[in-house]
Structures are given as structure tokens and as C-alpha cells.
1. When you look at the Cβ of every residue in A:82-93, what mean number of other chain Cβ atoms sits within 10 Å?
2. Put one equal scatterer on each alpha carbon of chain A, apply the Debye formula with no solvent term, and list log10 I(q)/I(0) at q = 0.06, 0.11, 0.14 1/Å to two decimals.
3. Roughly how crowded by other chains is peptide A:191-197, in terms of the mean Cβ count from those chains within 10 Å of each of its Cβ atoms?
4. Taking a cut-off of 20 Å, what percent of all Cα-Cα pairs in the stretch A:164-287 are separated by more than that?
5. With the alpha-carbon atoms as the only input, what is the per residue convex hull volume for the protein assembly as shown in Å³?
6. Need one word for the stretch B:11-120: rounded, prolate or oblate. Basis is the Cα gyration tensor (sqrt eigenvalues a ≥ b ≥ c); a/c below 1.5 gives rounded, then a/b vs b/c decides.
7. Using only DSSP helix segments of four residues or longer, with each worth -39500 (n - 2.57), what per-residue ellipticity at 222 nm results for chain A after dividing by its residue count and rounding to 500?
8. Among A:P157, A:S254, A:F12, whose Cα projects farthest towards the positive end of the dipole of the protein assembly as shown, with charges put on the beta-carbon of Lys, Arg (+1) and Asp, Glu (-1)?
Amino acid sequence: MNLHEYQGKALFAEYNLPVSKGKIIFKAEDVIEACNEIGGSKWVVKAQVHAGGRGKAGGVELIDDPNEGVKFANKWLGKNLITYQTDKDGQPVNSILIEECTEIVKELYLSAVIDRESQKIVFIGSCEGGVNIEDVAKNAPEKIIYQGVTYGDKSLPEDATNIAKVLKLDEKQTDQFLPIIENLLRLFIEKDLSLLEINPLVINEKGDLHCLDAKINIDSNALYRQPELQDMYDESQEDPQEAEAAKSDLSYVSLDGNIGCMVNGAGLAMGTMDTIKFFGGNPANFLDVGGTATQERVAKAFKIILKDPEVKVVLVNIFGGIVRCDLIAEGIIAAIKEVDINIPVVVRLEGNNAEKGSKILSKANIKIESINNLSHAAKKAVELAK
Amino acid sequence: MSILVNKDTRLIVQGFTGSQGTLHSEQSIEYGTNIVGGVTPGKGGQIHLQKPVFNSVEEAIKEVEPNASIIFVPAKFCKSSIIEAAQAGIKLIICITEGIPTLDMLDIKKQIDELGVRLIGPNCPGVITPGEAKLGIMPGNIHKPGSIGIISRSGTLTYEAVKQTTDLGFGQSSCVGIGGDPIPGSSFIDMLKLFEEDDQTEAIVMVGEIGGNAEESAAEFIKSNITKPVISYIAGKTAPAGKRMGHAGAIIAGGKGTAEDKIKKLKECGVHIADNLVSIGSKVDEILKS
């Protein structure tokens, strides 16, 4: 689950990390009061969306008159911001963060992730911040450090110093950096983060380190023990069909083809999409209906798939493990009747009681192509989608 | 021979009396697995599925001498269940549960490594040695004793590979689902080592998917350590890069993680690629008969 910058910065503040004084507004008329409350004569206004690349897309502005902030808010609130990290429709802007202006002397990069290979939390640092870090990784890998850390480990100060060297920090900044790393690590662990990125981490005119951005991603599996973070969930930033699916515990990702897919298991779902492509078709979605493909879940899955107007045919691919295919077949029939589907449905059942399931499907008085062989089923779906 | 489990495996089930534990234990017993008891705190002394229930793994060890445990408890209790079994002296733990927080797994992995315990999973279908023992949730009837070792990150994809190798008459020595989580208890490499040493296994099928670089590491390992033919299928060729927030996740693996990268690396290291989900079995056939 992603957080907005303002939510991330609130967490940063809670963990004693240096962030700017700021205020979040949801209505343009609140801009002036927010600017006055923050004080000073220059502010930064930042559109809040779950995507990077906002600056280049016009979603961040420097203002020296609160009225410009009102103009900015009127321009963006309720609109979509399109950046190179969003899809073609962009992400809706529902709030704007107003902050005091920070004089930037130098921009750095700092992030932390769980590294699968070393099985550690790894900090990534670079002396080149504020830019696309992937380009730095490609063009100047010597400017990036990957430092594995362990909380409570005696070597943490040494690890932090290693990063500080690559960031080219001076003595004073290096002294500031150790508590920053400690606090970020504590935040990462205590709040069950899966990603934390500060781009840029800056050196301000006083020569102090300061966090100008905050991107935070929380491990969805741990949300049960992070209720206050769960409350920060912003459904408007998710694809509406994906959010709807997530509510029913279905894993759905929309794609741009026209063959709807309903599969049990994430790996098999990807394999099914690949098979469709192999035979010249285009999948409209990824959908993992889960291990227990009950009538209720199948019906819900059909409803989500059919919300996509591009879908010309649905391919159902179920490998019955413990669930019996005859029960799944009955579930599919009931779901098709319930949802009132009028496009062709190709069903491939395999595994537990597959033959019995296929018989039930072929006897049912509805338009289903029951094909046990996956290649044949995929070919049929591709043909029907043309 | 086989790997990890066989008819002599003495299994206990943690989360024995819950709905998942009960359903899958019934099926495992029916398959012939030697379940010697179960653990459900607070229900010690009861009899469930005609097997004794214990309050703790430690009690179970004293009474029924298990050498493996399978875990069905909910995700939030998995960390304590795995650690309990490991500390009590169980050397093979299979965790079926999905949804364990990644930071819990970092901690679990560190502790079980120190204790010299092998963990399979979490978020996996388990392990089966066809005709001998089924420690997991896979459908027993698609398996057949035979010569192919199967390792996979995905449940239902494993079943595809199993079905295809059964249909062509090869059968399987053992099948292991290592699970799809970022931090798995055991890796492809851990299982490749075991299959290499197993006399019954003539060829190994490795089913991978996009994300991480487990397949790349396995490819390197295969190149210098595995003499048996390895056939691999990688799912996710058509998966889109997707929306991203930040870049840290993308650059940590150095741009790796796509199906193309994985397939390229595997080919370079001498692994045979089944380029389609439906051709895993025929690829095995082609390699073994050539």
C-alpha cells in the first residue's frame, strides 16, 4: 500500500527526521490560511498523487504569493496529473501539500528496500539526487552505494558512514546522517515498510540535511498490525476495477487486450496470459480468483472482467487442486446466469474431477465452450476474440 | 529414493484442528502420509482424525517423535509457530500459509538458518513424493512415481508441470513448491542440490516467474554444479511493468526480473527452456529422448 508524500512526511516527523513545516489542503480556499500559518514569503505547492515525476509534469511549483497557490490549487484539485510514472490517464489530485521553501544547495538520493538476495534491509544512496536514479544506476554505477543493514547491529554506525562517504557528506552532515539512518531503519521496521525513498534528500543553505520528499510503501501483508496506516489508504489512487477486486480479495490487473482471463493461482494466471499471446491473442487482464473458486468469487470475478468494455471473450482456466472441478463447473454456470453474460466463455477445467466438471458444463443450457486442453482452449478464445 | 519426504516421514500438523488443517490432513492421510499427531494450543489431549492433539510441538516430540511439521496456522501466528517448531528440534518445516509479513520472514530466516532447520514455503503447495507421502495441498491424483524432480515458485503452475509429466509417462521423484514470497525459506538452489544427489531423479523441471533474481542465481548454480538436464518454464512474459512508485525496487535487482532476462540467463547456463506453459512435458520428452 502506498502513502502520499504528506502522510509519509508526517511519519518522518514522528521519527524525528528533518522535514519542512507544511500543511495539507483539500480545498483551494484554504491555501491562503495555510501559507499564513506556515509563515515566510516563499512556499512550495505540491500536488499529492501516488507517482513520481511530479515536478516535470507541472505538479510542483514555487510561489511567493499565496494567490498563486490558490491558482495552482484551482488548476489541479479534481484533475488528473500525468507523469512518466503514471498510465496515460494519470492520477487524480485530491490534495495539495504546501510547505515552507527550502534553499537547496545540493540534491542527494536515499532509499531503503528489502533485498531478496541478501535477505536484508538495504539502503541505497547516491550523491546524485532529484533525478531519475535508474539513469544514474546505468550510467554512473560508481555513484551509488547499496548498504545492507541490521537493526541493533553494532556495525550500523560504520554502515551509515559508508553511505555518507558516497553521498560526499562533510563532517557535520555525517554526524547528522547517523541518527537519520537509525530513525529511518526504526521507521522501516516498526511500520512494516517495503519501500522508503527520499528523492531528493538535500543539503540546505545552512549545510544541514533535509528530507524534501517521502515515498513510502507498506507491506500489505502487515496492514493488520498497522491500523493507523491502513486508515491512510487512498482508494482514489488505485485503478477502480483493481480496487473493487481487492475488496473481494481477488487479484486483478487491467491490461489493454480483449480476452478476459479468470484463473486460479497467480503463476498460472501469468502462464495463461502468455499462452494467449503465444497463439496471437491479447489478454484484457490478469485475474487470480484464488484457491477456492466458489460461485460467489467466480461471479464477482466475471463482473469485474466484464466492466472492461473491450472484452470480447472470457477464458476461464482452473486447475482444480483440492477444490473439485464439478463444484467449480456448477459455480461457473450459476455465476454466468447470475451476471447475465452475453459474450462467449471458454472454460478449461483440469485436475480434481475435471471430466465430471466438463460434463456438467456441456450439459448446461448456456453458451460455454468447454475445452480440457489448454492450448485448444487458448486458441479458441483467440479465434473468438477476432 | 526421493528428496525431503518419504513413507518414513513422521509428520505433525500445526493448526491441526482448524478448517484448513483438518481438510488437508484428511487428504494427506488418505494419500498414505504418516501423520503422527497435531498441535493446537489449548486442545492438547483431544483426538482429531484419530490422531493425538498436543498443546505444543515440544509435547508432540516427546510423545510421538515427529521429524517434520506442516503449518496451516493463520499468517499472523506463523512466525511463532515456525520458531516454536525449529527451537523444539524439528528439522523440516513446511509452511503453507500465505500472507506472512516480509519482515517476519527476514527474522524467521535468520533464526532457522542459525538452528540448521530447513523451511519450505511459506505461501506454497508443499512437498510430495508420489506414492509415498504428501505434505501439502496439491491434488495427489495427478502425480505418479517416476523420474522427474519438480521445483516451482507457483502452486497451480506446479500442477501443470506435474500433469504434463504424468501424462507422458515420466512421473515424478518429488515435487517441491518453494513459494512465491520475496523471502522464501528455501531457494531453487537448495532444491537443485537435493535433486542432483537423488538417484531416482533423471531430469529437473524448474518453474519460475517474473520478479526477483532467484532464477538467475539458480542458472549460475546449474552451470557449474548440476549434471542432470534442467528444463525451465518462466511465467510472465506478457506481464506489464505496471505502475511504480519510486525506483528503489526496480534498481535493486540491477534491471533484472523480467521473463526475457531470466530466459536469456538460463539459456546461457545450459538450461532447456519450455517456451510455452503447454510444452513443459514435451520439452522434457524431447530432452530425455535425445
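Readers should treat all values here as calculations from the given coordinates under stated rules, not as data from a laboratory. Everything numeric here is computed off the predicted structure, so don't read it as measured data. Every residue, glycine among them, receives a Cβ derived from its backbone with ideal geometry; neighbour counts consider all protein chains shown.
1. 1
2. For chain A, the Cα-only Debye profile gives -0.33, -0.88, -1.11.
3. Rounded to a whole number, the mean comes out at 4.
4. Counting pairs separated by more than 20 Å, the tail of P(r) holds 63 percent.
5. Hull volume normalised by residue count: 163 Å³.
6. Verdict is prolate for the stretch B:11-120.
7. Computed mean residue ellipticity for chain A: -11000 deg cm²/dmol.
8. A:S254
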